[in-house]
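One structure below.
Readers should treat all values here as calculations from the given coordinates under stated rules, not as data from a laboratory. In this text the structure is predicted, and so the values were computed from the model without any measurement. Here the Cβ positions follow ideal geometry from the backbone for every residue, glycine too, while neighbour counts run over all protein chains shown.
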Amino acid sequence: MNDNLKQMIESVRELEAKIEAELHRRQEALEYSIHNGRVFFEKELKLKNAALKKNIREYVRGARWSVIITAPVIYSLIFPLLMLDIFVSIYQAICFPIYGIPKVRRSEYLVFDRLMLDYLNGIQKVNCAFCSYGNGILAFAHEVAARSEQYWCPIKHAKKVQGVHGRYPMFTDFGDGEQYQEKVSEIREMFDEKDQL
């Protein structure tokens, strides 16, 4: 990776740190805190939020028919998501130790804290849990695939690719065979978080 690219990546990391600090400031303004993975709200905010909760009957009555009719289609995605979860988990459990690739912690991608929000009714909480699971499993699978690509094929594409993972910038340039032969072994070892974007 050239020095210019390293500087740009460092600038992105600094910006991410600023974003994290701003999110933390916003968290404090909303009067909640996180201890041992659990969210705690100030009593006043908890009561205020509970007063905003819509009754389930009122919530369903206010929904468009198209939303109600398409809900089973949306929820049918649970089956391929579960299969993806199972197969990706088995894949990394078997293959990653053989190749010395650090395993992805699935628990870091599955976060169900929205269930603690008092302003959501039961249906909204189920919807949030579904979205958290779906996006979490896709992100988990994305990182497993990223680590696999880093080990097996750390070469950038010739064409622009949407949604590249944070490991992609360290890959060798498309068409540069010398760089690939020179760096592939080194890239296969770069699994620390600090080594990626």
Neighbour-count ranking for ILE94, ILE123 (other C-beta within 10 angstrom, fewest to most) reads ILE94, ILE123
Residues other than PHE41 with Cβ under 10 Å of its Cβ, Lys/Arg counted +1 and Asp/Glu -1, net out at -1
Expressed in nanometres to one decimal, the distance between label points 7 Å along Cα→Cβ at GLU182 and PHE87 is 3.9 nm
For segment 7-111, listing trypsin sites (Lys or Arg not before Pro) in a DSSP loop whose Cβ sees at most 10 other Cβ atoms within 10 Å gives ARG64, ARG105
Any helix of the chain counts here only if DSSP assigns it H throughout, its Cα atoms span 30 Å or more along the axis, and its mean Kyte-Doolittle hydropathy is at least 1.6, and such helices are 78-99
Expected sort for MET116, MET83 with the fewest Cβ neighbours (10 Å cutoff) up front is MET83, MET116
Between ARG13 and GLU149, Cβ-based FRET efficiency (R0 22 Å, step 0.05) works out to 0.55
Taking the chain, the lysine pairs whose C-alpha atoms sit under 21 Å apart (8 or more places apart or on different chains) add up to 18
Once both label points are put 7 Å beyond Cα along the C-beta direction, the GLU189-ASN127 separation in nm becomes 5.1 nm
For ILE74 and GLU58, extending 7 Å from Cα along the Cα-Cβ vector and measuring point to point gives, in nm, a value of 2.1 nm
The local net charge around SER107, scoring Lys/Arg +1 and Asp/Glu -1 for residues other than SER107 whose Cβ lies under 14 Å from its Cβ, equals -1
Per the rule of 0.36 nm per residue minus the C-alpha distance, extending GLN162 to LYS48 adds in nm 36.9 nm
Relative contact order in percent for segment 90-197 (Cα pairs under 8 Å, 6+ apart) equals 22 percent
Least to most buried among HIS142, HIS157, by other C-beta atoms within 10 Å and fewest first, runs HIS157, HIS142
The distance between the Cα centres of segment 135-197 and segment 64-96, in whole Å, is 26 Å
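Could you quote the convex hull projected area for segment 26-166, Cα atoms only and averaged over all directions, in nm²?
Projected area, direction-averaged: 12.4 nm².
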